[in-house]
Amino acid sequence: MAHDAPQTAGPSKLVIRNIGLLLSGAMEKPILDADTIVAENGKITAIGRFKDVNTDDATTTVNANGTTVAPGLIDSHVHPVAGDWTPRQNQIGWIDSYLHGGVTTMISAGEVHMPGRPRDVVGVKAMAIFAQRSFWTLRPGGVKIHAGAPVIENEMVEDDFKELAAAGVKLLGEVGLGGVKDGPTARKMVGWARKYGIQSTIHTGGPSIPGSGLIDKDVVLEADTDVIGHINGGHTALPDDQIRCICEGCKRGLELVHNGNERSALFTLRTAREMGDLSRVILGTDAPAGSGVQPLGILRMVSLLSSLGDLPAEIAFCLATGNTARMRALDCGIIEIGRSADFVIMDMAQHSPGKNILHSVQLGDLPASA
């Protein structure tokens with residue numbers, strides 16, 4: 001649930017009580033000693049024991065009945081197009097379905113599946129501004145989509161990035177899905193984007209859509225984007241030695257996606273952990289794609305990395321929440337006073353052999369979310 005401040009209904013006060021387990025989303029303290037959260041006008045104002053916090057005059061009270069509360073999950077890599085429809089699968093309602101998988105925030109890696117996607121500079125900028133504007137006001141199922149991510153083309157100049165930033169565009173689509181596929185050109189344009197406050201992501205691995213191509217370690221390292229998009233491939237991953245070289249050769253975000261190579265995801269996780277760099281690991285789905293739409297994709301990644309990567313479940317949830325929030329400069333993803341009141345309520349899967357929700361995730365089961 002995303003309990004944003006109402007625009008016209010007046011002040012609001014949300015109380016979630018009787019919480020059995022509270023996950024913070026922050027790796028430095030992933031579990032909080034609290035059973036109650038209070039949020040006023042869309043912001044968290046208190047976290048603690050019910051007897052110690054002010055719950056008077058609540059406009060909404062939720063009894064968690066001993067279940068788990070966590071920050072809403074963040075999908076760091078999606079490809080929206082228009083509304084809640086994807087031409088990639090000709091499916092309507094895919095974003096709303098993700099909410100049922102606990103995802104409350106999505107980050108666009110480019111609106112690349114738009115039929116007839118323009119490649120000229122004017123068209124690239126126009127489509128990005130349109131996507132930024134439309135998804136800023138449209139929230140299917142309540143999911144917040146940060147969209148408007150232009151895919152860079154060779155003809156772009158610095159003033160184009162300045163214009164995009166002035167119009168509210170804050171993201172670049174995957175470098176490598178357009179005409180720019182070489183390191184020097186990418187680095188120059190990524191630098192222009194960064195100068196004007198636009199965050200960048202690069203395609204990593206083999207080709208995924210018509211017009212894309214292989215993006216290997218040399219291009220990735222030279223481009224120096226803020227996030228290494230699907231380092232485990234989308235779908236085809238780079239060899240292990242190249243993945244290790246990327247992990248060791250930069251300090252940028254390491255994004256693992258559902259629509260990638262699972263073995264490579266586990267290899268990246270082990271490498272990042274050996275380096276003491278788990279804070280760089282973030283999660284996405286890379287959907288919609290040829291492999292479909294995965295409403296439970298982020299939960300599946302959490303379970304995969306916990307169960308097969310020997311990662312404590314409470315830390316695995318941080319990769320899908322707080323790590324992404326900090327890397328993407330989002331106001332959600334961590335349960336702490338002053339941040340957005342954006343939560344998911346979860347419980348252990350029925351009949352799981354796990355002793356509790358964290359144990360069940362480490363055994364490979366998916367929690368139920370509400």
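What to note about this one:
- Cross-chain or 6+ apart pairs with Cβ under 7 Å, the stretch 229-246 first and closer than 11 Å to ILE215 by Cβ and open to solvent by 10 Å² or more (accessible area, probe 1.4 Å), then at pLDDT below 95 and part of a loop (DSSP other than H, G, I, E, B): THR236/GLY206
- Residue check for LEU283: open to solvent by less than 10 Å² (accessible area, probe 1.4 Å), hydrophobic (A, V, I, L, M, F, W, C) and touching a helix residue (DSSP H, G or I) at 6+ places or on another chain (Cβ under 7 Å): yes
- Among the residues of the stretch 327-345, those identified as under 15 Å from the mean Cα position of the chain (by Cα) and more than 22 Å from GLY66 (Cα to Cα) are MET327, ARG328, ALA329, LEU330, ASP331, CYS332.
- Between SER264, SER208, the distinction of being in a loop (DSSP other than H, G, I, E, B), hydroxyl-bearing (Ser, Thr, Tyr) and over 17 Å from the mean Cα position of the chain (by Cα) belongs to SER208 only.
- In the stretch 65-83, residue farthest from LEU256 (Cα to Cα) [restricted to those that are touching a strand residue (DSSP E or B) at 6+ places or on another chain (Cβ under 6 Å) and outside any strand (DSSP E or B)]: THR67
- Whichever residue in the stretch 31-41 is in contact with a strand residue (DSSP E or B) (Cβ under 6 Å, 6 or more places away or on another chain) and in contact (Cβ under 8 Å) with a residue 40 or more places away in the chain and, among such residues, is nearest to GLY338 (Cα to Cα): ALA39
- Qualifying residue in the stretch 12-29 (condition: surrounded by 17 or more Cβ atoms within 10 Å (Cβ to Cβ) and basic (Lys, Arg)): yes
- Look at (1) of a type in the set (Asp, Glu); (2) open to solvent by 30 Å² or more (accessible area, probe 1.4 Å); (3) touching a residue at least 12 places away in the same chain (Cβ under 8 Å) and you find that ASP310 fails only one, number (3).
- Qualifying residue in the stretch 20-31 (condition: among the aliphatic types (A, V, I, L, M), modelled with pLDDT of 95 or more, more than 21 Å from the chain's Cα centre (by Cα) and farther than 28 Å from GLU314 by Cα): no
- Of ALA109, ALA165, ALA147, all but one fail to be within 25 Å of LEU254 (Cα to Cα) and in contact with a His (Cβ under 6 Å, 6 or more places away or on another chain); the exception is ALA109.
- Condition met for LYS51 (of a type outside the set (A, V, I, L, M), modelled with pLDDT of 95 or more, part of a helix (DSSP H, G or I) and out of contact with any helix residue (DSSP H, G or I) (no Cβ under 8 Å at 6 or more places or on another chain)): yes
- Helices (runs of 4 or more DSSP H) wholly inside the stretch 89-201 that include at least 1 residues being at negative phi and of a type in the set (Ser, Thr, Tyr): 94-99, 121-137, 183-195
- Taken across the stretch 249-266, residues that are open to solvent by 50 Å² or more (accessible area, probe 1.4 Å), of a type outside the set (S, T, N, Q) and more than 30 Å from GLY191 (Cα to Cα) do occur, with at least one present.
- Count of the stretch 166-200 residues which are hydroxyl-bearing (Ser, Thr, Tyr), surrounded by fewer than 22 Cβ atoms within 10 Å (Cβ to Cβ) and under 17 Å from GLU222 (Cα atoms): 1
- Summed over the stretch 35-58, the residues that are among the hydrophobic types (A, V, I, L, M, F, W, C) and open to solvent by less than 10 Å² (accessible area, probe 1.4 Å) give a count of 4.
- Pair list, Cβ < 9 Å and 6+ apart or interchain, from the stretch 97-121 residues that are free of Cβ contacts under 8 Å to residues at least 60 places away in the same chain to residues that are open to solvent by 50 Å² or more (accessible area, probe 1.4 Å) and of a type in the set (Gly, Ala, Ser): PRO118/ALA126
- Qualifying residue in the stretch 345-357 (condition: open to solvent by 40 Å² or more (accessible area, probe 1.4 Å), in contact with a Ser or Thr (Cβ under 6 Å, 6 or more places away or on another chain) and not charged (D, E, K, R)): yes
- Of the residues examined, GLY333 is not one that is out of contact with any strand residue (DSSP E or B) (no Cβ under 9 Å at 6 or more places or on another chain), modelled with pLDDT of 95 or more and assigned to a loop (DSSP other than H, G, I, E, B).
The values are calculated or read from the model by the stated rules, or taken from the named source; none is laboratory data. Given the structure is predicted, the values throughout are model-derived calculations rather than measurements. As a convention, Cβ positions derive from the backbone with ideal geometry for all residues, glycine included, and neighbour counts pool all protein chains shown. SASA here: full protein model, heavy atoms, side chains in, ligands and nucleic acids out. Shrake-Rupley method; radii C 1.70, N 1.55, O 1.52, S 1.80 Å.
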